[in-house]
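Everything on this sheet refers to the single structure shown next.
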There are 2 protein chains.
Amino acid sequence: MKKGFHGKILEINLSSGEQQETAISEEYFRRYLGGSGLAAKIFDERDYGRVSPLAEVAPLMIFSGILTGYSIPTACKAAFCGKSPATGIWAEAIVGGFWPASFKKTGYDGLIITGKAEKAVYLYFSKGVFAVQDAASLWGEDVYRTAEKLQKEHGDEIKVAAIGPAGEKEVLISSIMIDGLDARAAGRCGMGALMGSKNLKAIAIEKSEDLPPLNDNKGLAAARKKVMPKIREKAKGLSDFGTAGGVPIVEKLGDLPIRNWTVGSWTESAARVSGQAMAEKYFAKHYACFGCPIRCGKEMKVPVGPHNGTVSHGPEYETVAGFAAMCLNDDPAYVIAANDLCNRLGIDTISGSSVIAFAMELNEHGLIPKNLLADLNLEWGSGEAVLALIRQIAYREGLGEYLARGVKRAAAEFGPIAEEFAVESKGLEMAFHDPRAFTSMAVTYATGNRGACHLEGLTYYVENRSFPGSFIGLQDEFEHHGIESKALLAKTMQDFMGVFNALGLCKFLIRGHVTPEDIADWVSLATGWDMDREELFTSGERIFNLKRSINVKLGISRKDDTLPPRLLTHDRREGAAAGSLPHLGKMLAEYYRLRGWSDEGIPGPEIMAKLGLEWESIDVINGCQNYKGEIKK
Amino acid sequence: MKKGFHGKILEINLSSGEQQETAISEEYFRRYLGGSGLAAKIFDERDYGRVSPLAEVAPLMIFSGILTGYSIPTACKAAFCGKSPATGIWAEAIVGGFWPASFKKTGYDGLIITGKAEKAVYLYFSKGVFAVQDAASLWGEDVYRTAEKLQKEHGDEIKVAAIGPAGEKEVLISSIMIDGLDARAAGRCGMGALMGSKNLKAIAIEKSEDLPPLNDNKGLAAARKKVMPKIREKAKGLSDFGTAGGVPIVEKLGDLPIRNWTVGSWTESAARVSGQAMAEKYFAKHYACFGCPIRCGKEMKVPVGPHNGTVSHGPEYETVAGFAAMCLNDDPAYVIAANDLCNRLGIDTISGSSVIAFAMELNEHGLIPKNLLADLNLEWGSGEAVLALIRQIAYREGLGEYLARGVKRAAAEFGPIAEEFAVESKGLEMAFHDPRAFTSMAVTYATGNRGACHLEGLTYYVENRSFPGSFIGLQDEFEHHGIESKALLAKTMQDFMGVFNALGLCKFLIRGHVTPEDIADWVSLATGWDMDREELFTSGERIFNLKRSINVKLGISRKDDTLPPRLLTHDRREGAAAGSLPHLGKMLAEYYRLRGWSDEGIPGPEIMAKLGLEWESIDVINGCQNYKGEIKK
């Protein structure tokens, strides 16, 4: 009997309408754990890297984790995976909320959607079957309205994943949004565009309970009971004010990116846009994802803009950092409105705010042609300009046509100097923790498999002592601006964090001081495997190297493991990280050695063999040439 | 009366046949000193940056320095300038020998050649006139044979600058060669291709004595007398064994690039290919450039290859580093033959050996398609393969067609991983002093106006104590692998070195402990100006910033001020520089501040105003967009 997984995935070809079930063996789950781990394995086996991301044959892979949907703390996640239309390399966008648990209960561990529907459609799961339905009346609607219409049609119990106009228009920074107004985002890597390219507006799921029984429910209940108090205690800040509650402390540590990463201090403004300050004025209610004791979601009243007066999911830390600090706007009303608008239109708030801050800096230097500026007032801090640009991006109008491509591609349109203002790595806009404040983040951003991602390593949690390093065998204290042990920290955390997306767990568990042993325990109790801490880390390492090897076949190597010039050279001269610039080369050299990769960033045959990954280093390098011609249809 | 300069240049349009004299005011000479300084000023004024480097309208600018051709130590240099066909930015290639002094004595300070002759021509200067002559019988000949034929026609006294087949075929790493068998090279930036694109095979100059009188010949004679003993004493190593005599000590310091920059130690082999070892077996005679007491040139018997048995200019340090250490070949016979072949065919030995070492590494990884490999045995160290490839590059045949473009462009043809093996900055192959051995070189390479040039800063001379830092107001001892004061060292030396190419002096003067005061003195005595040390440095700073501003208008900024990934991340783990990797970001940050540049590497209005350079930072940044469309004809 399967435990924690169904052992099958469903493939739907929207061109032909064909559906096909494929069995996945237990061995695959044990080695890749489901979620984005298993998706990566199948992606690699099928050589999906060769496919142009927006081609008909390109896959949108949606996988739940082994623990998703069970009564296990934070087991609420699903992964949207594939080849990123934004970056051209491995993509995963993870999302919580309630949709993933419902998705898991359809009886499938994963869905691979290929092809392109002739006209707009949505998938509707009901009574064991995914049906392709006409979406003519939904196309063009925003995310909230789409969910509303679908719930009107199929009942309030259904859970909806949908794209907004941005995804429809294949905006490269578009998201896939979950749960309507209680918005959660599969935000990064342009997965909205991938879904939109298939003419697929939404995936609506009717309540179902097709979940495999677990091996030891009693044991799991006891394990849950054991960790609940520490999660509640340690993650209380998150429970009270959400991730945005962290804004002031992040600013104090020099970790907040201000004015497109150029300014080191913004103390009073940070207080004005903090989760605490927003809660005071705009709080509507708390919101928790499926199975989560932390309850970090905060719904807020939208106080300005076109949706003034509505209530929806309030801004996360990243969104505040982006639409407040990055754009130098300290009016929380506009941050809430920008967040709401991005969620409605289906735009990633990290990439969206990055590209707007980038545009503000272009404008400061007179680098935007007048016809594109039109009547936009792109002064730093202009909340109205932010709202106007979000719309332009979603609909690819005016300046938005360029910004919709993300900062890297946009920079190429505005002259060579514009590249100086494009803060990204591997084409993905940098998330909002500064590698000059915690230098381990330089390594995790530079080596992140999906690009400049803060979540693949999450090492700042260890550096800022939210999560004790001793829990993963390291010291508890790190010299923030130094390089000592930073490579080891990055590798260890990447390996540890690698299992979360695969298991369907939220990484905020580590804010609750949940340990690797706890998690290995949960997996063992759920599946009956004898998973220990070591196997857990090896699984994470396997998944990380698998994704790296996918990227290496796509041409990624040391040259791509870098940070934008601004973060390597621009000393902010004020704030807690004044004078700090990461010595990336030195840390990377150590990191590659720890990983068993060559100095060119190519996984070596020994580590790949140890992890049981098929690979011959030289052949794979050779293989890169084959990838020059993408399959475009 | 003019002193040290004629105050006029000649422009020759090879399309129309028109010639025009243009007067250059004394103020220009005082501010830019002639040579590549004055050339840069005229290049900037005329907006030559907008022109595609191989277009008909593109200029080949040949300028002598203020002191060139006079009886002043090492005053033997001319500068070939323009826009590089290899890098697309500012280009200068400086050369000594005897041709430059003859060139100065034509009565012009500079020659600007534009247009394209209908068929192959050469310029022949005789009795005050540059005449365009038919070169049908020279086209296709190698450099030595070209000089020989011209001397046969016009007499042994004439001096010849010529391109080889590589320049004719617009090979992007081709050189302009001087003085026939006594070969000196204007090697870098692909100036051979620029000359070849004009169907201009050679510039032959008959002896003439049209030199302006100097202000104080007696004073100059005394000044010369004063420095001669120290030059002879301190530069004795150069006199005895030439630059190649430095190979063993350079290796000992970890400064020698081995096996395409990956290996840290090669002691026994370095001894085998040293100038000392070569002299013992192959020495033919000493050779000195015009006016030079150092006499660093060594002519050698060529012991292998197609020109076995001939005698010509022997390999310099850079050439040995390139064809021996970089290619892992420790047979000096093949180094001499490779040098001879490059000189004959007109290929820069730094770029030529770089691109061959790069090909050897590609081959090691199986990255060269079999049809291109043909019967080449590209094993590391194969001297025969080196000779075969040099020919292929010159004639753009087989693999040579790709390598002829330089490592950066070639890498783009062999798949993304190939970039890892391309060691260049701004498109120019790195010269052979390792920034991991002397970290100041990281800054000088990264900020070199013509790309990864060792000569623009020459800071390793200070770090290895060939030239006392105290002579330029700095300390004498630097921690080789640290970052302290390295930015200041780079800036100071760039400013100091900046006047050498403009004055027509050889930088080896500093090996002879000639001081800035000495040089300022020479300029004052020659011209009658009251030039002091401070004005000398300011002139260097002005020239450096002028070239930077030319490049900024072409899109250069911080993003381009970098080193290839290999030099930032690859720790060689053995040799004197084991464990050392340059913290480039930190040094650059300091460097920009010292330079008065923004964190994006753009010269600020204050420093430009101080130097009297016309510039509005913002407008110039704006201007970049205008440069997107190059003038192609």
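For this structure, a couple of remarks:
- Residue match in the range A:97-109 (condition: farther than 25 Å from A:LYS632 by Cα and among the aliphatic types (A, V, I, L, M)): yes
- The residues of the range A:1-28 that are in contact (Cβ under 8 Å) with a residue 40 or more places away in the chain and open to solvent by less than 40 Å² (accessible area, probe 1.4 Å), listed by number, are A:GLY4, A:PHE5, A:HIS6, A:GLY7, A:ILE9, A:LEU10, A:GLU11, A:ILE12, A:LEU14, A:ILE24.
- Check on B:ALA321, under 21 Å from B:GLU419 (Cα atoms), among the small types (Gly, Ala, Ser) and part of a helix (DSSP H, G or I): no
- Subset of the range A:121-138 [touching a residue at least 24 places away in the same chain (Cβ under 8 Å), in a loop (DSSP other than H, G, I, E, B) and surrounded by fewer than 19 Cβ atoms within 10 Å (Cβ to Cβ)]: A:LYS127, A:GLY128
- When restricted to residues that are within 14 Å of chain B (Cβ to nearest Cβ) and polar (S, T, N, Q), the range A:516-561 contains 3.
- Failed item, numbered, when A:LEU488 is tested on (1) surrounded by fewer than 23 Cβ atoms within 10 Å (Cβ to Cβ); (2) in a helix (DSSP H, G or I); (3) within 14 Å of chain B (Cβ to nearest Cβ): (3)
- Selection count where residues are in a loop (DSSP other than H, G, I, E, B) and either touching a residue at least 40 places away in the same chain (Cβ under 8 Å) or closer than 13 Å to B:MET177 by Cβ (or both), scope the range B:139-157: 5
- Residues that are closer than 19 Å to B:ALA411 by Cα, among the charged types (D, E, K, R) and out of contact with any Lys or Arg (no Cβ under 7 Å at 6 or more places or on another chain), drawn from the range B:341-382: B:GLU361, B:GLU364, B:LYS370, B:GLU379
- From the options B:ALA235, B:ALA284, residue that is among the small types (Gly, Ala, Ser), closer than 22 Å to B:ILE178 by Cβ and modelled with pLDDT under 95: B:ALA235
- Pairs where the first residue, in the range A:585-597, is facing chain B (nearest Cβ under 7 Å) and the second is open to solvent by 10 Å² or more (accessible area, probe 1.4 Å) and assigned to a helix (DSSP H, G or I), C-beta under 7 Å, 6+ apart: A:GLY585/B:LEU568
- Within the range B:90-102, not a single residue is surrounded by fewer than 24 Cβ atoms within 10 Å (Cβ to Cβ) and not hydrophobic (A, V, I, L, M, F, W, C).
- Residue check, A:ALA162 modelled with pLDDT of 95 or more, surrounded by 20 or more Cβ atoms within 10 Å (Cβ to Cβ) and over 30 Å from A:GLU397 (Cα atoms): no
- Selection of first residues in the range A:361-384 that are closer than 22 Å to A:GLY322 by Cα and within 14 Å of chain B (Cβ to nearest Cβ) and of second residues that are open to solvent by less than 20 Å² (accessible area, probe 1.4 Å) and of a type in the set (Lys, Arg), restricted to Cβ pairs under 7 Å at least 6 apart or on distinct chains, gives an empty result.
- For B:GLY448: the one exception among (1) within 22 Å of B:LEU256 (Cβ to Cβ); (2) touching a residue at least 24 places away in the same chain (Cβ under 8 Å): (2)
- B:HIS307 fulfils the conditions (1) within 14 Å of chain A (Cβ to nearest Cβ); (2) assigned to a loop (DSSP other than H, G, I, E, B) except for a single criterion, (1).
- First in the range B:262-281 and in contact (Cβ under 8 Å) with a residue 24 or more places away in the chain, second anywhere and of a type in the set (S, T, N, Q), Cβ under 9 Å, 6 or more apart: B:SER269/B:ASN329; B:VAL273/B:ASN329; B:GLY275/B:THR243
- Checking each residue in the range B:212-225 for being touching a residue at least 40 places away in the same chain (Cβ under 8 Å) and either out of contact with any Leu (no Cβ under 9 Å at 6 or more places or on another chain) or among the hydrophobic types (A, V, I, L, M, F, W, C) (or both) picks out B:PRO212, B:PRO213, B:LEU214, B:LEU220, B:ALA221, B:ALA223, B:ARG224.
- All positions within the range A:395-423 that are within 13 Å of another protein chain (Cβ to nearest Cβ) and of a type in the set (D, E, K, R): A:LYS408, A:GLU413, A:GLU419, A:GLU420
- Taking (1) within 9 Å of chain B (Cβ to nearest Cβ); (2) open to solvent by 30 Å² or more (accessible area, probe 1.4 Å); (3) over 23 Å from the mean Cα position of the chain (by Cα) in turn, A:ILE602 satisfies each apart from (2).
- Selected residue [crowded, with 24+ Cβ neighbours inside 10 Å and within 23 Å of the chain's Cα centre (by Cα)] from A:GLU420, A:GLU456: A:GLU456
- Only residues that are at the interface with chain B (Cβ under 8 Å from one of its Cβ atoms), in contact with a Gly (Cβ under 7 Å, 6 or more places away or on another chain), part of a loop (DSSP other than H, G, I, E, B) and surrounded by 23 or more Cβ atoms within 10 Å (Cβ to Cβ) were counted across the range A:562-581, and they come to 1.
- Options B:TYR108, B:TYR32, B:TYR28; residue that is of a type in the set (Ser, Thr, Tyr) and touching a Gly at 6+ places or on another chain (Cβ under 9 Å): B:TYR28
- Selection within the range B:165-196 - in a helix (DSSP H, G or I) and either open to solvent by 10 Å² or more (accessible area, probe 1.4 Å) or in contact (Cβ under 8 Å) with a residue 60 or more places away in the chain (or both): B:PRO165, B:ALA166, B:GLY167, B:GLU168, B:ARG188, B:CYS189, B:GLY190, B:MET191, B:GLY192, B:ALA193, B:LEU194, B:MET195
- Residue match in the range B:348-361 (condition: under 25 Å from B:GLU157 (Cβ atoms) and open to solvent by less than 10 Å² (accessible area, probe 1.4 Å)): no
- Residues that are in a loop (DSSP other than H, G, I, E, B) and open to solvent by less than 10 Å² (accessible area, probe 1.4 Å), drawn from the range B:330-344: none
- For A:THR439, the stated conditions do not hold, so it cannot be described as closer than 19 Å to A:SER84 by Cα, within 14 Å of chain B (Cβ to nearest Cβ), polar (S, T, N, Q) and crowded, with 24+ Cβ neighbours inside 10 Å.
- Among the residues of the range A:536-552, not a single one is on the phi > 0 side of the Ramachandran plot and in contact (Cβ under 8 Å) with a residue 60 or more places away in the chain.
- Residue count, the range A:539-555 (criterion: more than 20 Å from A:SER440 (Cα to Cα) and open to solvent by 10 Å² or more (accessible area, probe 1.4 Å)): 4
The values are calculated or read from the model by the stated rules, or taken from the named source; none is laboratory data. Worth saying up front: this structure is predicted, and the values here are computed from it rather than measured. For neighbour counting, all protein chains shown are included, and Cβ atoms are generated from backbone atoms with ideal geometry for every residue, glycine included. Just so you know, the surface numbers come from the protein's heavy atoms only, side chains and all, with ligands and any DNA or RNA stripped out. Shrake-Rupley method; radii C 1.70, N 1.55, O 1.52, S 1.80 Å.
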